[in-house]
Amino acid sequence: MSSIKKKFAEKAVPVATEVKTLLKDYGEKEIGKVTIESMISGMKGLPILLTLTSKLDPQEGIRFRGYSIPELQEKLPKLSADDEPLPEGLFYLMLLDELPAMADVKELADDWKKRAVLPDYVKKVLDATPPDSAPMADFAIGIITLSNESEFVKAYNAGAGKKDYWDSTYEDVMNFLARLPLVAAYIYRKHYHKGNHIPADPNLDWSANLAHMMGYDNPEIYKLFRLYLTIHADHEGGNVSAHTTHLVGSALSNPFYSYAAGMLGLAGPLHGYANQEVIAWIQDMIKEIGTATPSKEQIHDFCEKTIAAGRVIPGYGHAVLRKTDPRFSAQQEFAAKYAKGDTFIQIVNDLYEVVPPILGSIGKIKNPWPNVDAYSGSLLMHYNIKEAPFYTVLFGVSRALGVLASLLWDRALGLNIERPSSFTLEGYKKKAGIE
Ligand code: HAX
């Protein structure tokens with residue numbers, strides 16, 4: 001057994017005991033209020049999930065196992081002092097609740113490199129999708145096809161008991177994270193480079209290898225990918241991609257099915273698809289105004305028109321956050337360092353001045369500030385990765401780190417199938433005391 005797997009097994013035992021004790025001794029304790037509004041308006045704020053890997057504070061933003069993004073940038077292992085953290089290190093932190101040393105990250109990365117093989121049948125399935133299929137559809141298809149190798153399914157069918165589910169899930173998660181960049185790069189090269197694929201470079205880290213296999217070999221792009229794959233990894237348990245992965249996994253569907261389901265949620269315009277929509281929307285703005293350097297007044301008018309048409313401003317607002325997303329700020333800092341003078345990024349920066357007062361003046365919008373998706377596409381555009389329909393796939397590669405670390409904990413804790421209750425409209429009216 002690898003030392004990381006052994007460490008996980010050792011750490012899981014006391015946490016599982018704590019959870020069991022909590023359930024046994026405090027199972028009846030009430031911890032929140034369920035209102036008709038919370039039930040009908042997307043369960044916002046209902047404390048209904050147990051997620052160990054990260055916590056989202058409305059004012060402060062995300063903390064991964066207690067560490068904010070600037071703290072991760074300082075404390076997680078990096079390849080050089082002015083680099084971004086290695087997302088392999090973030091996965092280690094989320095999984096083991098322990099900051100890794102570089103040697104730990106190397107052990108994990110070496111393990112993934114050994115597992116990084118894309119079976120030929122997956123390539124064939126991906127080759128068979130229509131040339132105009134959506135990259136996110138191909139992503140889900142590729143992931144589901146990979147499930148053919150699921151160790152969890154093999155162990156379950158061979159009669160493994162509940163206390164051992166985590167073991168085969170561990171193998172699935174590690175195999176999967178090792179292979180995911182290969183699936184993503186395969187889809188990218190199929191769609192945008194006539195299927196001219198580039199093999200992995202075993203000397204590169206997880207992030208740089210993805211950039212390399214997509215066809216981008218530049219130290220700055222490698223840094224951007226390390227930042228990108230770190231900041232998108234997790235956003236506690238209630239967001240659509242994380243919750244879906246957990247929900248589907250709660251039925252003991254294998255990790256591939258569970259994560260594929262989560263990705264189909266990420267593909268929605270109100271979630272991860274927003275990262276491509278921001279780009280399409282700014283391109284429409286440039287086209288309509290007739291200049292790549294619109295004034296703030298012109299940007300303002302275009303935003304007003306978007307709202308008047310009953311559309312949302314993509315990249316703004318959030319179901320939990322009530323301030324600028326620190327993931328937005330981390331990317332803005334990166335752009336200030338490496339992408340000075342980029343006119344497209346200037347529009348993104350101008351939007352940050354223009355949009356919040358407009359959204360704030362509408363009254364009903366709880367958070368007028370930008371989220372992660374407002375910035376990410378413009379940085380990719382800066383490095384000539386212009387294929388916006390692919391951007392949500394990149395988001396998905398990163399999101400796998402958090403949701404699969406969580407799924408592994410779900411198995412180790414032996415969490416039960418999720419099954420909340422629902423009411424008919426009559427039922428709600430009765431609860432409200434309406435005759
Ligand atoms: N532009 C215009 N209207 C907006 C808005 C925006 N950016 N954000 C919220 N609103 C509207 C809502 O549509 C809602 O209108 P109705 O009452 O008419 O239905 C109202 O304001 C109240 O919404 P809210 O309570 O503030 O926000 P929600 O929790 O319902 O929704 C969303 C949060 C992120 C979905 C929302 O802000 C939105 O649609 N933003 C634009 C799309 C986007 O950027 N999505 C990515 C979010 C981050 C993420 O998950 N990334 O993956």
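Taking the simple approach of a point 7 Å from Cα along Cα-to-Cβ for both TYR338 and GLU37, what is their distance in nm?
So the label points at TYR338 and GLU37 sit 4.2 nm apart.
What whole-number distance in Å separates the alpha-carbon centres of the stretch 1-49 and the stretch 225-255?
The stretch 1-49 and the stretch 225-255 have Cα centres separated by 16 Å.
Can you give me the long-range amide H partners of TYR316? Hydrogens built in the peptide plane at 1.01 Å from N, cutoff under 5 Å, separation of 5 or more residues or another chain.
Those qualifying (amide H under 5 Å, at least 5 residues apart or on another chain) are ASN371.
Relative contact order of the chain: what whole-number percent is it, with Cα pairs under 8 angstrom and at least 6 residues apart?
RCO, the chain: 22 percent.
Please give the length that would be gained between ARG311 and LYS29 if that part of the chain were fully extended, namely 0.36 nm times their separation in residues minus their C-alpha to C-alpha distance (nm, one decimal).
97.3 nm
Roughly what would the spin-label model give for SER250 and GLU220, points 7 Å off Cα along C-beta, in nm?
Rounded to a tenth, the inter-label distance reads 4.6 nm.
Run the dipole for the chain about the Cα centre, Lys and Arg Cβ at +1, Asp and Glu Cβ at -1, nothing else charged, and hand back the magnitude in debye, nearest 20.
720
Give me a comma-separated list of calculated 3J(HN,Hα) values for the stretch 61-71, in order, Karplus coefficients 6.51, -1.76, 1.60 applied at θ = phi - 60°, integers in Hz, x for any Gly or Pro.
Per residue, the Karplus-derived 3J(HN,Hα) values read x, 7, 10, 9, 6, x, 9, 6, 4, x, 5 Hz.
So if I place +1 on the C-beta of Lys and Arg and -1 on the C-beta of Asp and Glu, and nothing else carries charge, what would the dipole magnitude of the stretch 96-186 be about its Cα centre? I want it in debye, nearest 20.
Roughly 240 debye for the stretch 96-186.
Determine the relative contact order of the stretch 259-414: mean sequence separation of Cα pairs under 8 Å and six or more apart, normalised by residue count, in whole percent.
35
Excluding residues fewer than 8 places away in the same chain, name every one of the aspartates and glutamates whose C-alpha is closer than 14 Å to that of LYS55.
ASP97, ASP234, GLU236, ASP325
Could you give the nm distance between label points at GLU74 and THR293, where each point is 7 Å from its Cα heading toward the beta carbon?
3.8
Tell me which of ILE144, GLY249, ILE282 sits at the most positive position along the dipole axis of the chain, charges placed on C-beta atoms (Lys, Arg +1; Asp, Glu -1).
Ranked along the dipole, the leading option is GLY249.
Give me the net charge for the shell around ILE307: Cβ to Cβ below 14 angstrom, other residues only, Lys and Arg +1, Asp and Glu -1.
Combined, the nearby Lys, Arg, Asp and Glu give +1.
Students often get this wrong, so check it: of LYS123/LYS154; LYS75/LYS113; LYS24/LYS106; LYS7/LYS113; LYS7/LYS124, which have C-alpha atoms separated by over 28 Å?
Checking Cα-Cα distances, LYS24/LYS106; LYS7/LYS124 exceed 28 Å.
Quick one: net charge around GLY66, please, counting Lys, Arg +1 and Asp, Glu -1 for every other residue with C-beta under 9 Å from its C-beta.
Neighbourhood net charge equals +1.
Evaluate the Kirkwood expression for the hydrodynamic radius of the stretch 104-161, namely the inverse of the mean inverse distance over all pairs of different C-alpha atoms, and round to one decimal in Å.
Over the stretch 104-161, the inverse of the mean reciprocal pair distance is 13.7 Å.
What residue among HIS382, GLY427, THR51 has its Cα farthest toward the positive end of the dipole of the chain, where the charges are +1 on Lys, Arg and -1 on Asp, Glu, each on the Cβ?
After comparing all options, I get GLY427.
Return a whole-number percent for the relative contact order of the stretch 113-231, with Cα pairs under 8 Å and 6 or more residues apart as the contact set.
Relative contact order, the stretch 113-231: 25 percent.
Quick check for me: using +1 on Lys/Arg Cβ and -1 on Asp/Glu Cβ, what's the dipole size of the stretch 146-251 about its Cα centre, in debye to the nearest 20?
340
Measure out, as a whole number of angstrom, how far apart the alpha-carbon centroids of the stretch 372-427 and the stretch 286-338 sit.
With the stretch 372-427 and the stretch 286-338 each reduced to a Cα centre, they are spaced 22 Å.
Going down the list LYS114/LYS386; LYS340/LYS386; LYS33/LYS162, which pairs span over 21 Å between their C-alpha atoms?
Flagged as over cut-off: LYS114/LYS386; LYS33/LYS162.
Computed FRET efficiency, Cβ-Cβ of THR424 and ILE362, R0 41 Å: what is it to the nearest 0.05?
Here the calculated transfer efficiency is 0.80.
Subtracting the Cα-Cα distance from 0.36 nm times the residue separation, let me have the gained length for LEU50 to VAL13 in nm, one decimal.
11.7 nm
Want the number for ARG115 to LEU22: 0.36 nm per residue separation, take away the alpha-carbon distance, what's left?
29.8 nm
Starting from the Kirkwood Rh over alpha-carbon pairs, what translational D in µm² s⁻¹ does the chain have by Stokes-Einstein at 4 °C and 1.567 mPa s?
57
Since every read-out is calculated from the coordinates, none of them should be taken as a lab result. Everything numeric here is computed off the predicted structure, so don't read it as measured data. When we count neighbours, we look across all protein chains shown, and the Cβ atoms used for this are built from the backbone with ideal geometry, even at glycine.
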